[in-house]
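Read the figures in this text as sums done on the coordinates, not as results from a lab. It should be emphasised that the depicted structure is a prediction, and the values quoted were computed from it without experimental measurement. When we count neighbours, we look across all protein chains shown, and the Cβ atoms used for this are built from the backbone with ideal geometry, even at glycine.
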Amino acid sequence: MIYTNLLFFLTAIFLFSMDRVPQTPLLSGGLSLSLFLLLVVVYDQIARSLFGKRTALLSAGYFSTEKKLSFLAVTFFAAVLFLCDAKYHMSWLSVNGKVPALVSIAGLGLFLLFFMLMWRAARKSYQQVFGRQYSPAGFLVSNIRANLPIVLPWIVLSLLSDMVAFLPWSAVKDLLSSEWGDLVFFGLFLFFILLFFPPLVRLLWGCKTLPDGALRRRLVAFCEKQHFSAGIYLWPLFEGRVLTAGVMGIVPGLRYILITPALIESMTLEELEAVMAHEIGHVKKMHLLLYFFLIAGFSIFAGYLSEPILSFFLSRNFFYTLISSGRVTPETLLSIFGGGPVLVLMILYFRYLFGYFLRNFERQADLAVFPIIGNSQALISAFEKIATISGDIRDEPSWHHFGIGERVAYLEKCEKDPSWIQRHNRKVRLSLIGYVVACALGILLVRQLPVDQFSQKYQEMYTEAMILQKTKTEPDKALWFRLAGDMLAKKKMETQAIAAYGRALTLEPANPEILNNLAWLYLTSEDLGLRDPMRALTLARSAAIIQPKGFVLDTLATAYWANGFVEEAVNTEKQAAFADPGERPYYLSQIARFTSQTYRQATQGPATENMDQARDGEKNQPVNNGG
C-alpha cells in the first residue's frame with residue numbers, strides 16, 4: 001500500500017507542478033466552481049457504488065477497489081487542474097508570489113480530497129473486513145495519518161525552499177543561492193530526514209513499544225548478537241491484522257523495527273528471528289539510504305531533461321497548429337508537452353526501474369538469513385504462513401516485491417547452491433553501478449542536445465502563435481493587432497500587416513506606435529503597389545504630434561521626403577537628432593540621403609525597413625537601415 005500510494009501522490013504532485021497559471025482561465029469562476037463540485041459529486045457516487053459491492057467486503061476485493069479508485073482520483077484531480085484552472089484560482093495563497101509552496105500544498109489538499117471521499121465510502125467495508133469500528137471523522141484522520149509520511153518530506157522541502165528568502169542572514173542566503181546552494185540545501189534536507197523523520201512517522205502511525213517480556217528480551221538479544229540496535233514497536237497497520245514488518249531509520253537510536261501484532265501471533269520465535277534477520281539485512285545493505293539515492297537520481301535527471309523536452313516540442317510546427325486552432329490555450333499545451341513526457345517517464349521510472357531495485361533489495365534482505373542464522377528454513381516457513389493466512393497469495397505478483405513463491409524458490413536454490421547468494425549480491429552491485437553510469441551518460445547526452453538551437457527557433461514561433469491566438473481570443477485589444485502587424489511586416493506579409501495595423505487603428509485611432517508603424521510600412525513596402533506616401537504623411541504627422549520621439553520624427557521626415565518636401569524632411573530629421581542624440585549619426589545619414597537622391601530613385605533599389613521593434617517601456621528605438 002505504501003509504495004503504491006507513493007506513486008499516486010508523486011503523480012499528483014507532478015501534475016500540479018507542471019500545470020501553468022493562465023492569464024485568463026478557461027472558465028469563469030462560477031463555472032469553474034460548478035464543474036469542480038460536479039466532479040466531486042460524480043467521484044463520490046462512483047466510490048460509494050464500488051464499495052457498495054459484495055466483493056469489497058473481502059480483503060482482496062477491498063484492496064482492489066481502493067486501487068481502482070486511487071487511479072480514478074488521479075484522473076479527476078487532473079480534470080480539476082486543467083478544466084477548472086484550480087492553480088489559477090488558488091494563486092492568491094502564495095502571498096504575492098512570496099510563498100508559492102502554500103499554493104502547492106493547497107493543490108495537494110485538492111488531491112487528498114478525492115482520497116478522503118474514497119475513504120469515507122470505504123469505512124463500512126473496512127469495518128467488515130478488519131473488524132474495527134470507526135466514526136467517519138476518526139476513519140478519515142486515521143487514513144490521513146497513515147499517508148502523511150509519504151508527502152511530508154515534500155511539504156517540508158517546499159516550505160524550507162520558500163523560507164530561505166525570509167532569512168535575515170545575507171551570508172546564508174548567498175550560500176544557498178550560490179552554485180553549491182542546491183547541494184547544501186539537499187544535505188540539510190537529508191539531515192532532517194535521517195534525524196527527525198523516523199520518530200515522526202512512528203508517532204503518526206501510532207506505533208507502540210513492544211511490551212517487555214520473553215518475546216522482547218529474545219528479539220533484543222538476537223539484535224545484540226548481530227551488533228545491531230533498534231527500537232522494536234508494534235505496527236497497527238490495518239488494525240495490526242496484516243502480516244508484515246518493516247524497518248525505518250538509519251541512525252542508531254532513531255531506528256525502529258515495526259512488527260504487526262498479527263505477524264507476532266502467527267509466527268514461532270524462530271520465524272520471528274528470521275523476519276528480524278530480513279530487516280537487519282535491509283539496514284546492513286544500506287537499502288534505506290539507497291531508496292533516497294534512487295529517488296534523488298530521478299529528480300536530478302528529470303531536472304536536466306525538462307528544458308530540452310519543452311524546447312523540442314516548442315520548436316515543432318504541430319505545436320503552433322494546435323495553438324492557432326484556438327481550441328487549446330497555450331498554457332495548457334505548455335503543460336502537456338512540457339510536463340507530460342516527464343510525467344510518463346516518472347511513472348515508468350518508479351513502476352519499473354525503482355520497482356526493479358525494490359524487488360532485488362527485498363531478495364537481498366531475504367538472503368541475510370544465511371550469514372545471520374545459517375539457513376533459510378525459518379524464513380521459508382514464515383513466508384508460507386503469510387501466503388496461506390493472507391488468502392493463498394503465494395503466486396500473487398507484486399511490482400515492488402517478488403511473489404512469495406518466487407522468494408521461497410530462490411531461498412531453496414541458495415540452500416542447494418550458496419553461490420547464488422553472491423551472484424545476487426553481485427547483480428545488485430552491478431545494477432547500482434549501471435544505474436549511476438546510465439544517469440551520468442543520460443545527463444551528458446542531454447547536455448549535448450542543441451537546446452540553444454531549439455530555443456532560438458521556438459522563441460519567434462511561440463511569440464507569433466501567441467500573438468495570433470490573442471487576436472482571436474481578445475479581439476477588442478489593439479495591442480495584439482499592432483504586434484501582429486509588426487510580426488507580419490517583418491515576415492514580408494505586407495498586405496496582412498496593413499490589415500492588422502488597420503484593425504488596431506480602428507480600436508485605438510490615436511495610438512502613436514500604430515500610426516508610426518503603419519506610416520513606415522506605406523513608405524517602405526517591398527510591394528510598390530502598397531506604397532502610399534500621402535497616406536503615410538497623414539499618419540506620421542498624427543504620430544509626431546502625439547509622441548515626438550526620434551524614431552517617430554524620422555518616419556515623418558521620410559514621409560516629407562517621399563512627398564517631395566525635402567526642406568521639411570531635413571528640418572524634421574534635425575529635430576529627431578535633437579530628440580534622440582544617441583542615434584545622431586544615423587539621422588545625419590538620413591539628411592545626407594534626402595539631399596542626394598529622390599524618393600523615386602530610392603525605390604528603384606532594395607526596399608528597407610524602419611519598424612519600431614523594441615517597444616518596452618520608455619525606450620522605443622527604431623531599426624533604420626536607410627530608405
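Fully extending the segment from LEU348 to SER381, taken as 0.36 nm per residue of separation minus the present Cα-Cα distance, adds 8.5 nm.
Between the listed residues SER381, GLY391, ILE433, the Cα displaced farthest toward the positive end of the dipole of segment 288-448, a dipole computed from Cβ unit charges relative to the Cα centre, is found at ILE433. Calculated on C-alpha atoms, the gyration radius of segment 3-96 divided by its Kirkwood radius gives an Rg/Rh of 1.07.
Cross-link reach is defined here as a Cα-Cα straight distance under 26 Å, omitting same-chain residues fewer than 8 places apart; for LYS427 the lysines meeting it are LYS284, LYS285, LYS413, LYS416. Radius of gyration over Kirkwood radius for segment 273-314, both on Cα atoms: the Rg/Rh ratio is 1.40. Each residue in ASP554, ASP417, ASP476, ASP44 was given a count of other beta-carbon atoms within 10 angstrom of its own, and listing them fewest first yields ASP476, ASP417, ASP44, ASP554. Put a dot 7 Å past the Cα of SER91, heading toward its Cβ, do the same for LEU290, and the two dots end up 4.5 nm apart. Taking the Cα atoms of segment 479-603, the ratio Rg/Rh between the radius of gyration and the Kirkwood radius comes to 0.96.
Among LEU26, ILE546, MET116, whose Cα lies farthest out toward the positive end of the dipole of the chain, if unit charges sit on the beta carbon of Lys, Arg (+1) and Asp, Glu (-1)? Of the listed residues, the answer is MET116. Across the options ASN511, LEU479, VAL570, the greatest Cα extent toward the positive end of the charge dipole of segment 479-603 (unit charges at beta carbon of Lys, Arg, Asp, Glu) belongs to LEU479. Ranked for footprinting exposure by Cβ neighbours inside 10 Å, fewest first, TYR352, TYR586, TYR304 give TYR352, TYR304, TYR586. Can you figure out the FRET efficiency of LYS472 with LEU159, using R₀ = 45 Å and their beta-carbon distance, to the nearest 0.05? The calculated FRET efficiency here is 0.65. Between GLN127 and THR268, residue separation times 0.36 nm minus the direct Cα-Cα distance comes to 47.9 nm.
Each Cα pair of the chain feeds into the Kirkwood radius, which the Stokes-Einstein equation turns, at 20 °C and 1.002 mPa s, into a diffusion coefficient of 71 µm²/s.
Axis angle, to the nearest 10 degrees, between helix 404-416 and the longest C-alpha principal axis of the chain: 60 degrees. Here THR321 and GLU526 are evaluated by their C-beta separation; at R0 = 25 Å the FRET efficiency comes out at 0.35.
Applying Stokes-Einstein at 37 °C and 0.692 mPa s to the Kirkwood radius of segment 403-446, computed over alpha-carbon pairs, gives a translational diffusion coefficient of 267 µm² s⁻¹. For the pair GLU412 and SER28, a Förster radius of 51 Å applied to the C-beta separation gives a FRET efficiency near 0.20, rounded to the nearest 0.05.
Within the set of other residues whose C-beta is less than 11 Å from the C-beta of HIS400, count the net charge using Lys and Arg as +1 and Asp and Glu as -1. Overall, the nearby charge balance is +1. Each label was represented as a point 7 Å from its Cα along the Cα-to-Cβ direction; for ARG584 and GLN601 these points are 2.8 nm apart.
Taking other Cβ atoms within 10 Å as a rough exposure proxy, VAL552, VAL95, VAL275 sort from fewest to most as VAL95, VAL275, VAL552.
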